[in-house]
Amino acid sequence: MTTEQTTHSQAQGAAPQHVAIIMDGNGRWARQRMQVRSEGHAEGVNSVHNITKVASDCGVKYLTLYAFSTENWNRPTEEVDTLMRLIGTAIRNETPELKANNVHINLIGDIARLPEDVQADLEAGRKATENCTGLNLNLCLSYSARWELIRAVKELARRAANGELDPAAIDEATIDSVLATAGMPDPDLLIRTGGEQRISNFLLWQIAYSELYFTPTLWPDFGKEEFLDILDNFRGRERRFGKTSDQVKSEQS
Ligand code: FPP
């Protein structure tokens, strides 16, 4: 436990409604064991399973997972193929339990770029859980924030050109409404595993006021205990949204 972390019993503030995770470290996990990178990704699927379960059990409303970035298409073809197969298989295997746990699968990203059979598996999972009202599981696939922002800007430009939108009236809500996360609250907490301290083109608009947590734990080793410790750490933070600490305290009392 680092000095930044608190124990579960010290938790004070509200639990995060929306947790976003950059799942990093699968390749290093495999290398440490003299295994091929795909073994790390396969093990990473177990962490996806475990963290989704604990997030669902502890009342997180949105869990957004960065599973495959736009930039990941540049990895060796063999690794991309393996990841695509793993994602398709995982969604097929996991959908019944997700549905039983009332988890709603939502797909975010340029899904049309994925292999057609994987798209079909994802769509089947999405469709099977569309009436679920518990945890919203956002799977970001072929996603990057700049991809999302370019798409959003094009949509607003199209509406303005058609006369449907007054450019002078564009505000934060207008932009929110054309993002892939439209209708969702912004992430309260962004976790990155694997030790790097960067955002890697993830949810750039939405994380304007997210609390950030970087852990050295490699994604396949990331489990329930650490996730709960991080939620406790989050509850102990004062979120000021640009205000002073005194203002925040007087609003709370
Ligand atoms: C980063 O580790 C991880 C990925 C690029 C892929 C993450 C995907 C999964 C865990 C599978 C997701 C499955 C579902 C169903 C959502 P890395 O390969 O960059 O690791 P490294 O930095 O150690 O090389």
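For the residues Trp29, Trp73, the requirement of being surrounded by fewer than 21 Cβ atoms within 10 Å (Cβ to Cβ), of a type in the set (Phe, Trp, Tyr) and either under 17 Å from Leu135 (Cβ atoms) or touching a residue at least 60 places away in the same chain (Cβ under 8 Å) (or both) singles out Trp73.
Those strands (runs of 3 or more DSSP E) of segment 135-253 in which at least 3 residues are of a type in the set (A, V, I, L, M, F, W, C), considering only elements entirely within it, cover 136-143, 189-192. Using the structure shown, decide if Gln17 is under 23 Å from Glu225 (Cβ atoms), within 11 Å of the ligand (Cβ to nearest atom), surrounded by fewer than 20 Cβ atoms within 10 Å (Cβ to Cβ) and at pLDDT 95 or above. Taking the combined requirement at face value, the residue does not satisfy it.
Residues in segment 32-54 that are near the ligand (Cβ under 10 Å from one of its atoms), surrounded by fewer than 16 Cβ atoms within 10 Å (Cβ to Cβ) and under 18 Å from the mean Cα position of the chain (by Cα): Asn46, His49. Just one of (1) more than 10 Å from the ligand (Cβ to nearest atom); (2) in contact with a Ser or Thr (Cβ under 6 Å, 6 or more places away or on another chain) fails for Asn136. It is (2).
Would you confirm whether or not segment 164-186 contains a residue that is small (Gly, Ala, Ser) and either buried (at least 18 other Cβ atoms within 10 Å of the Cβ) or touching a residue at least 60 places away in the same chain (Cβ under 8 Å) (or both)? Checked against the condition, which is being small (Gly, Ala, Ser) and either buried (at least 18 other Cβ atoms within 10 Å of the Cβ) or touching a residue at least 60 places away in the same chain (Cβ under 8 Å) (or both), segment 164-186 yields at least one hit. Filtered by the rule that a residue be part of a helix (DSSP H, G or I), more than 12 Å from the ligand (Cβ to nearest atom) and not hydroxyl-bearing (Ser, Thr, Tyr), segment 57-113 gives Asp57, Glu78, Asp81, Pro96, Glu97, Lys99, Ala100, Ile111, Ala112, Arg113.
The values are calculated or read from the model by the stated rules, or taken from the named source; none is laboratory data. For clarity, every value in this text was computed on a predicted model and none was experimentally measured. Ideal geometry is used to build each Cβ from the backbone, glycine not excepted, and the neighbour counts take in all protein chains shown.
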